[in-house]
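The values are calculated or read from the model by the stated rules, or taken from the named source; none is laboratory data. What you are looking at is a predicted structure, and each value in this text was computed from that prediction instead of being measured. Every residue, glycine as well, gets a Cβ built from its backbone with ideal geometry; the counts of neighbours run over all protein chains shown. Note: accessible area is taken over every heavy atom of the protein model, side chains too, but ligands, DNA and RNA are not part of it. Shrake-Rupley method; radii C 1.70, N 1.55, O 1.52, S 1.80 Å.
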Amino acid sequence: MARDYVADNLATPRLDHLFPNMAEFDRSVTTWPWLRRDIDHPYRADRRNPIVGFINRDEASILTASARLFAGRAGLEIGAWRGWSTAHLISSGLGSLHVVEPLLADPDWRAEFEAVVRAAGGEATTILVPEPSPAAVTRLGQSGARWSFAFIDGDHDGEAPARDALACLPYLEPTAMVLFHDLVSPHVAQGLRAMERAGWSVMAYQTAQMVGVAWRGDVAPVAHRPDPEQTWSVPDHLRGIAIAGVAGA
Ligand SMILES: C[S@@+](CC[C@H](N)C(=O)[O-])C[C@H]1O[C@@H](n2cnc3c(N)ncnc32)[C@H](O)[C@@H]1O
């Protein structure tokens, strides 16, 4: 049976009770070509739309610890789905959090999402933006928003992840960090590569779907040891990118 993994130096907040429709599914519910089926960590999703997966606990622990490095500072999330990753970002203590998610334009979706934000303790700090990126990011940036931390898990297709990264770039603080989920997808990896080309340091975390991190300034990415019980591989499109906790990778 699949078991959750969280590295010894990391932890996840207790947030499951905020997601009564979260359940474990077999990965066969989705045919997304970039979903790794050989990593034996639980795949969780909302019962109402099981084909859209939540970040797993390993990934959530990395996200939470990374955002915590910027406690009190401004954060941005692109692609929030039902608020699972959002709740983790709130728990990390960011000073403010813009959540760019077009589904929030639906009143029922938004009402449920707002309840999650409230229960996670983020009512005063979370700003819901019911618009698509990258246009919303540019609009916010042009209105004066600046971010120290960004989590990109929105449109995964084609040029979209690179466009999201490039949209964030002009509005990121001198010390900042950007995390990408689903680096197993070559399209998402283009987002990380765009940051690398812009002079940022980059690294990958070996998790079920892989997490990318780009950072600059006076900060270092959180340490992570990949689950020693899994057999890991590195997709060709990540060649040359260091893997956290893996010597010489
Ligand atoms: C995989 S889900 C995010 C899952 C979420 N991070 C979690 O783990 O709980 C991807 C989300 O990106 C959103 N999305 C798609 N296109 C987008 C865009 N252009 N701008 C912002 N979000 C977008 C989708 O509506 C969906 O909610």
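Loop-resident trypsin sites (Lys or Arg not before Pro) (DSSP state other than H, G, I, E or B) in the range 164-249 with no more than 14 further Cβ atoms inside 10 Å of their Cβ: ARG239. In this calculation the C-beta distance from MET1 to ALA242 is compared with R0 = 35 Å, giving a FRET efficiency of 0.65. Of all DSSP beta bridges confined to the range 55-238, the antiparallel ones make up roughly 40%. Electrostatic bookkeeping for GLU77 treats Lys and Arg as +1 and Asp and Glu as -1; over the other residues with beta carbon under 9 Å from its beta carbon, the sum is -2. Normalised by 2.2 N^0.38 Å, where N is the number of residues, the C-alpha radius of gyration of the range 139-249 stands at 1.06. With contacts taken as Cα pairs under 8 Å and at least 6 residues apart, the chain reaches a relative contact order of 17 percent.
If R0 equals 45 Å, the separation of the Cβ atoms of ASN21 and ALA145 corresponds to a calculated FRET efficiency of about 0.90.
Given +1 at the Cβ of Lys and Arg, -1 at the Cβ of Asp and Glu and no other charges, the dipole of the chain around its Cα centre is 400 debye to the nearest 20. Of the residues GLY83, GLY122, GLY144, the one that moves most in a GNM of the chain with alpha-carbon contacts below 10 Å is GLY144. Under a 5 Å amide H cut-off, with hydrogens placed 1.01 Å from N, GLU77 pairs with HIS98, VAL99, VAL100, PHE151 among residues at least 5 apart or on other chains.
Counting Lys +1, Arg +1, Asp -1, Glu -1, what net charge surrounds THR207 among other residues with beta carbon under 12 Å of its beta carbon? Numbers along the way, then the final one.
Numbers: positive: ARG36, ARG57, ARG225; negative: ASP4, ASP58, GLU59, ASP182, ASP227.
With Lys, Arg at +1 and Asp, Glu at -1, the neighbours total -2.
From its DSSP helices (H runs of at least four residues, each -39,500 (n - 2.57)), the chain gives a residue-normalised ellipticity at 222 nm of -7500 deg cm²/dmol. Here the dipole of the range 148-249 is about 320 debye; that uses its Cα centre as origin and unit charges on the Cβ of Lys and Arg (positive) and Asp and Glu (negative).
Computed from backbone phi with θ = phi - 60° and the Karplus coefficients 6.51, -1.76 and 1.60, the 3J(HN,Hα) list for the range 36-41 is 6, 9, 9, 9, 8, 10 Hz; x is used for glycine and proline. Size estimate for the range 55-238 follows the Kirkwood approach: the inverse of mean 1/r over distinct Cα pairs works out to 16.2 Å.
Could you look at the range 167-227 and say what percent of its accessible area is carbon and sulfur, using a 1.4 Å probe and all protein chains?
50
Annotation: LEU15 carries an accessible surface of approximately 10 Å², with a 1.4 Å probe and no ligand, DNA or RNA atoms counted. Using a 1.4 Å probe on the protein heavy atoms, what percent of the accessible area of the range 36-135 belongs to carbon and sulfur? Carbon and sulfur atoms account for 53 percent of the accessible area of the range 36-135. When +1 charges are put on Lys and Arg Cβ atoms and -1 charges on Asp and Glu Cβ atoms, the dipole computed for the range 1-92 relative to its Cα centre reaches about 220 debye. Annotation: amide H-H contacts under 5 Å for GLY245 (H modelled 1.01 Å from N, sequence separation of 5 or more, or interchain): HIS224.
Peptide packing: for 24-31, 127-134, the average count of neighbouring Cβ atoms within 10 Å per residue gives the ranking 127-134, 24-31, highest mean first. Counted residue by residue at 0.36 nm each, then reduced by the alpha carbon distance between them, the extension gain from ASN9 to TRP32 reaches 5.1 nm. The residues of the chain expose, per residue, 43 Å² of accessible area to a 1.4 Å probe. Between the C-alpha center of the range 1-26 and that of the range 82-103 there is a gap of 17 Å.
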